[in-house]
Each structure stands twice: as structure tokens, then as C-alpha cells.
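Scroll down for the structure; my scribbles are underneath it.
The values are calculated or read from the model by the stated rules, or taken from the named source; none is laboratory data. Not measured: the values here are computed from a predicted model. Cβ: placed from backbone, ideal geometry, glycine included. Neighbour counts: every protein chain shown. Side chains are part of the model used for accessible areas, which takes the heavy atoms of the whole protein and leaves out ligands, DNA and RNA. Shrake-Rupley method; radii C 1.70, N 1.55, O 1.52, S 1.80 Å.
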Amino acid sequence: MPIAPTHEARQITLACDLSAYGWSQQKLFLPEDLTLALAAECGLLSAAGALKPAGIGRGAMQAVRSDIRGDRIAWLKAGQSAACDRYLLIMESLRVSLNRNLYLGLDEYESHFALYMPGAAYLKHLDRFRDDDSRTVSAVIYLNDNWLPGEGGALRLHPHGKCTEDIAPLGGRLLLFLSADMEHEVLPATRDRLSLAGWFRRKP
């Protein structure tokens with residue numbers, strides 16, 4: 001029977017892929033019980049009306065454009081739930097590992113729940129703002145149980161000079177990519193699509 005890689009080995013693999021290819025993904029990055037708890041919390045927030053339409057741009061230029069970006073979001077705060085705190089601790093460990101292996105100087109991590117209802121999408125874009133280079137590594141954690149291939153909802157990466165890569169939103173999967181370089185889009189799905197989107201940031 002093959003031996004499962006250690007937590008540290010998985011983090012090193014993520015860092016090596018990120019350095020070599022500009023992106024990396026791991027299935028079952030989150031434990032199943034935590035994935036289910038976070039999905040349940042996202043569902044409760046949605047039912048309570050706490051998820052708000054996401055905007056594009058920032059500051060005075062921010063606007064809600066559902067034809068460009070169709071998700072509804074709620075930002076995470078430390079202490080809001082046991083599940084969120086557990087998730088943030090895991091991502092803090094990953095931040096430390098990325099700094100140790102890639103010398104990125106990442107100072108903090110921010111994250112929000114994202115719900116795409118059936119048919120919603122997000123057109124091709126970069127995660128880094130033109131006037132703010134603090135976002136360095138983007139992270140997406142999927143919270144979808146028993147996702148089927150025909151249900152759509154892939155995140156499509158557009159690596160420079162290479163073929164596109166479609167990443168299915170399977171529960172527990174982590175996707176990392178370089179915020180300034182990797183154009184990407186969210187394809188529409190036939191059912192609710194739940195995730196946590198986040199960014200490892202450097203100080204401006």
C-alpha cells in the first residue's frame with residue numbers, strides 16, 4: 001500500500017509547482033469533515049441573506065456587474081466560527097511554507113465565501129489590481145459535495161503560451177496560482193457552486 005505524503009511534503013509540492021508552472025492543485029487538501037462544515041456555514045449565510053453580490057474593481061470604481069461576475073460573497077473574520085478558524089489556521093501554515101520555500105514575503109491571508117448560483121459565471125480576469133500589487137498568490141478551496149463532470153462550474157486557467165486547464169470544483173480541492181500572471185475564469189454550472197476564494201498578500 002502506498003504511503004500518503006506528509007502535510008509538509010504536500011506543501012513543498014504546491015510550492016514547487018507554483019514556481020515551475022505558475023499554478024498548482026491538490027485534491028482533498030481539506031479534511032472531509034471541515035469541507036462539509038464550511039459548506040454548511042456557507043449555506044446558512046446564504047439563507048440568512050448574508051452573501052452579497054460581488055463587485056468588480058475597487059474603491060470609487062467598484063461596481064456590481066452580474067454580466068461579468070455573478071457570485072455572492074461574505075468575507076471571513078477570525079472567530080466567526082470554529083470551522084472558519086480551523087481553515088484559517090491551515091492557510092496560515094501554508095503561508096509560512098510558501099515563504100520558507102519560495103521567499104515570497106507573504107504577510108497575510110484574506111478570504112471570502114463565494115456562491116455561484118446556476119448559470120452564474122466570472123469572465124476572464126486577473127486577481128491583482130492595477131494600482132495595488134499586494135495580492136501575490138490566489139487560493140481557491142472548493143466546498144461542493146459529489147460534484148459530477150456534467151454539472152460544469154470549472155475554473156479555467158489561461159497559462160501564458162499553453163493550453164487552457166479546466167479545474168473541476170471538487171469538494172476539498174485546493175487551487176493555487178500567481179495572482180498577477182494567471183488569467184482565469186469561472187464557467188457556469190447547473191447547480192449551486194460553493195467555494196472559498198482567498199489571497200496571500202504582501203504589504204504594499
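Scanning region 63-79 for residues that are open to solvent by 100 Å² or more (accessible area, probe 1.4 Å) and either touching a residue at least 12 places away in the same chain (Cβ under 8 Å) or under 18 Å from Leu155 (Cβ atoms) (or both) turns up just one, Trp75.
Any chance region 47-55 includes a residue that's in a helix (DSSP H, G or I), more than 30 Å from Cys163 (Cα to Cα) and among the charged types (D, E, K, R)? No; the residues of region 47-55 include none that is in a helix (DSSP H, G or I), more than 30 Å from Cys163 (Cα to Cα) and among the charged types (D, E, K, R).
Here is a yes/no grid of residues against (1) more than 22 Å from Ala20 (Cβ to Cβ); (2) over 16 Å from the mean Cα position of the chain (by Cα); (3) of a type outside the set (Lys, Arg); (4) open to solvent by less than 70 Å² (accessible area, probe 1.4 Å):
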position: Glu92; (1), (2), (3), (4): yes, no, yes, no
position: Tyr103; (1), (2), (3), (4): no, yes, yes, no
position: Leu106; (1), (2), (3), (4): no, yes, yes, yes
position: Phe113; (1), (2), (3), (4): yes, no, yes, yes
position: Asp131; (1), (2), (3), (4): yes, yes, yes, no
position: Thr136; (1), (2), (3), (4): no, no, yes, yes
position: Pro149; (1), (2), (3), (4): yes, yes, yes, no
position: Gly152; (1), (2), (3), (4): yes, yes, yes, yes
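Within region 81-108, residues that are in contact (Cβ under 8 Å) with a residue 12 or more places away in the chain reach partners that are part of a loop (DSSP other than H, G, I, E, B) and open to solvent by 40 Å² or more (accessible area, probe 1.4 Å) with beta carbons closer than 7 Å, at six or more positions or on different chains, in the pairs Leu88/Ala78; Gly105/Arg202; Leu106/Arg202; Asp107/Arg202; Asp107/Lys203. The residue of region 155-200 that is least open to solvent (accessible area, probe 1.4 Å), among those that are polar (S, T, N, Q) and more than 21 Å from Ser134 (Cα to Cα), is Ser195. Residues of region 43-62 that are out of contact with any strand residue (DSSP E or B) (no Cβ under 8 Å at 6 or more places or on another chain) and either under 20 Å from Leu123 (Cα atoms) or surrounded by 14 or more Cβ atoms within 10 Å (Cβ to Cβ) (or both): Met61 alone.
Between a residue in region 23-34 that is closer than 9 Å to Ile90 by Cβ and in contact (Cβ under 8 Å) with a residue 24 or more places away in the chain and any residue that is open to solvent by 90 Å² or more (accessible area, probe 1.4 Å) and not acidic (Asp, Glu), which pairs come within a Cβ distance under 7 Å, given they are 6 or more apart or on different chains? Once the first residue is closer than 9 Å to Ile90 by Cβ and in contact (Cβ under 8 Å) with a residue 24 or more places away in the chain and sits in region 23-34, its partners that are open to solvent by 90 Å² or more (accessible area, probe 1.4 Å) and not acidic (Asp, Glu) give Leu34/Arg86. Just one of the listed residues (Ala60, Ala20, Ala15) is within 28 Å of Gly161 (Cβ to Cβ), without any contact (Cβ under 8 Å) to a residue 12 or more places away in the chain and outside any strand (DSSP E or B), namely Ala20. Taken over region 21-39, residues that are open to solvent by 40 Å² or more (accessible area, probe 1.4 Å) and closer than 21 Å to Ala168 by Cβ amount to 8. Checked against (1) outside any helix (DSSP H, G or I); (2) farther than 19 Å from Pro204 by Cβ, Thr136 passes all but a single condition, namely (2).
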